[in-house]
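One structure is given here, and the rest of the page talks about it.
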Amino acid sequence: MNILYMKNYGRCFTILLFLMLHCFFTAWAQVPRTDTVPADTIVNNMEMRGAPAIQTRDTTIKHILEELQKVTDSDKQNSNAIQGLLQGKEIDNLTKYELVRNNLINASETYYLLNKKIIDLKSRTTTNNLDVFITSLNNPESKELGFSFSDRIVELVEKVVLKGKADKGERNGKIVESTKSIINSPIFQSFTSLTPPLAIANSVMNFLHSVSVNNKQISQKTLQEFEKELNKYVVYYTALNDANQKFEFGLNFNKDQLNLLQDNLYDHLMFTASALKFQLPQRGNKPIAETMNTFFLDEFKKEKVVDFFDKLEVKYTKGKRIDYELLLRENPNLKEVNNQLEDLILQTKRFENLYNEYFSLLDSYYTKVNNSLKIAQDNGLADKNLIENKQTEFRNLKNEAVTDIQASINIKELYNNTDKIKYRYRIF
């Protein structure tokens, strides 16, 4: 509206000036000539009456021409200003388009990288070497700390409960055999959790209490002595089991959060792909990871996003220039997708948090396992040097796991890509 006003104002002023000139010259022609009267007589008469001197015809015309030049200059300035505004508007549309294009091309790679790293972190919530190490520490048959828990239970039954008379009498022999049977029960062998030692200790204690009812040789004092010795092992396995359970719970929660993040990433990807007119994948009953991997492999590639914008520019090319204003007006979804890219960046930051949480879990787990090993040392279950060697072995395995995951996921690659997305610039 301002541009049209400036144009019309300049034209009206020019027309008005020419009308004034026309009227002036017409009136001038009708004034009686005074050439028959001497000029000095006219001047003297006017001076005698006190009247001001009249400008000559040449002075008036000069003034009018000067005013006309001012109008012409003003009109030229207005025209230049209008052209500048039009050019500035075109540059603004070009800037908006280039921002959208670059952001969405870079975002296409961010979608791919984020999905890949989510899958990688989910698959590395446990590590084989750490699993083997912890399983061996928690195995009742293992001698990683210089003893077998199963053997120690049998020894305590023979020495404390039966007072070293395990081979004296059929009853004592049956108690030892029953104890061994409990330890080797298929029920405990099939445990998938890391609690067999605690379950075995509890079962053996219940068995001895039931036997003591009909066996007067097994007193309550004897059972208390047995339980006291057994508890030295139970405390160690309880601490180890607590470390395992908390680590497992933390891993499961971390994995659930990664699944939720992947679902949100899928929804955001579908919104962007739809705006770019890509053929959306049919998820069906397939896992989301499989669906997204197939989509990135067959359809949603960076090269295809570049090709989409190249074809769009050709479509809106008129002569030798691209009509960016029309392009943006007829494709409003592109601006909307650009304005929603902040959500994608927030998802990458959420992944970063889950990534860091995983290493925090490892650190906490490392501390708890070391504490359980210290308990084994303090209770005299294992030699100090052996415990220190196991702690060193566990530290090396933990550091190896951290290094492997950091190298595999390469979080810096995701940082570098998201830095290319100017998500704070919104387009309206």
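The values are calculated or read from the model by the stated rules, or taken from the named source; none is laboratory data. What you see is a predicted model; the values in this text were computed from it and never measured. When we count neighbours, we look across all protein chains shown, and the Cβ atoms used for this are built from the backbone with ideal geometry, even at glycine.
List of remarks:
- Filtered residue count, segment 376-416, keeping only those that are more than 30 Å from LEU344 (Cβ to Cβ) and aliphatic (A, V, I, L, M): 6
- Which listed residue, of ASN353, ASN333, ASN371, is within 30 Å of ALA275 (Cα to Cα) and touching a residue at least 40 places away in the same chain (Cβ under 8 Å): ASN333
- Matching option when the condition is surrounded by 19 or more Cβ atoms within 10 Å (Cβ to Cβ) and not in a helix (DSSP H, G or I), among ILE421, ILE387, ILE427: ILE421
- Residue match in segment 347-360 (condition: outside any helix (DSSP H, G or I), over 10 Å from the mean Cα position of the chain (by Cα) and surrounded by fewer than 20 Cβ atoms within 10 Å (Cβ to Cβ)): no
- One residue from SER136, SER150 being hydroxyl-bearing (Ser, Thr, Tyr) and without any contact (Cβ under 8 Å) to a residue 24 or more places away in the chain: SER136
- Any hit, segment 160-171, residues being out of contact with any strand residue (DSSP E or B) (no Cβ under 6 Å at 6 or more places or on another chain), modelled with pLDDT of 90 or more and not small (Gly, Ala, Ser): yes
- Among helices (runs of 4 or more DSSP H) entirely within segment 126-225, having at least 3 residues that are on the phi < 0 side of the Ramachandran plot and not hydrophobic (A, V, I, L, M, F, W, C) singles out 128-138, 149-156, 170-183, 196-214.
This table checks each residue for (1) acidic (Asp, Glu); (2) within 22 Å of the chain's Cα centre (by Cα).
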site	(1), (2)
HIS209	no, no
VAL213	no, no
LYS228	no, no
LYS232	no, no
GLU248	yes, no
GLN257	no, yes
ALA273	no, yes
GLN279	no, no
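- Answer residue from segment 117-131, given it is of a type in the set (Val, Ile, Thr) and at pLDDT below 85 and is surrounded by the fewest Cβ atoms within 10 Å (Cβ to Cβ) among those: THR126
- Every condition in (1) modelled with pLDDT of 95 or more; (2) in contact with a helix residue (DSSP H, G or I) (Cβ under 9 Å, 6 or more places away or on another chain) is met by ALA81 except one, and the failing one is (1).
- Hits in segment 147-188 - residues which are of a type in the set (Lys, Arg) and within 60 Å of the chain's Cα centre (by Cα): ARG152, LYS180
- Annotation note: Cβ proximity below 6 Å between a residue of segment 278-297 that is of a type in the set (Val, Ile, Thr) and a residue that is surrounded by 13 or more Cβ atoms within 10 Å (Cβ to Cβ) and modelled with pLDDT under 90 (sequence gap 6+ or interchain) occurs for THR291/PRO281; THR291/ARG283.
For every residue, the table says whether it meets (1) farther than 22 Å from LEU362 by Cβ; (2) surrounded by fewer than 18 Cβ atoms within 10 Å (Cβ to Cβ); (3) at pLDDT 90 or above; (4) touching a His at 6+ places or on another chain (Cβ under 9 Å).
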| residue | (1), (2), (3), (4) |
| --- | --- |
| PHE226 | yes, no, yes, no |
| TYR233 | yes, no, yes, no |
| ASP242 | no, yes, yes, no |
| LEU265 | yes, no, yes, no |
| THR272 | yes, no, yes, no |
| GLU290 | yes, yes, yes, no |
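- LYS286 assigned by TED's automatic domain parsing to the domain that holds ASP267, in a helix (DSSP H, G or I), basic (Lys, Arg) and at negative phi: no
- Take the conditions (1) of a type in the set (D, E, K, R); (2) assigned by TED's automatic domain parsing to the domain that holds PHE359; (3) in contact (Cβ under 8 Å) with a residue 60 or more places away in the chain; LYS384 misses just one of them, which is (3).
- Entry remark, segment 255-293: residues being in contact with a Leu (Cβ under 8 Å, 6 or more places away or on another chain) and within 16 Å of LYS304 (Cβ to Cβ) number 7 in total.
- Any hit, segment 330-345, residues being farther than 30 Å from HIS268 by Cβ and at pLDDT below 95: no
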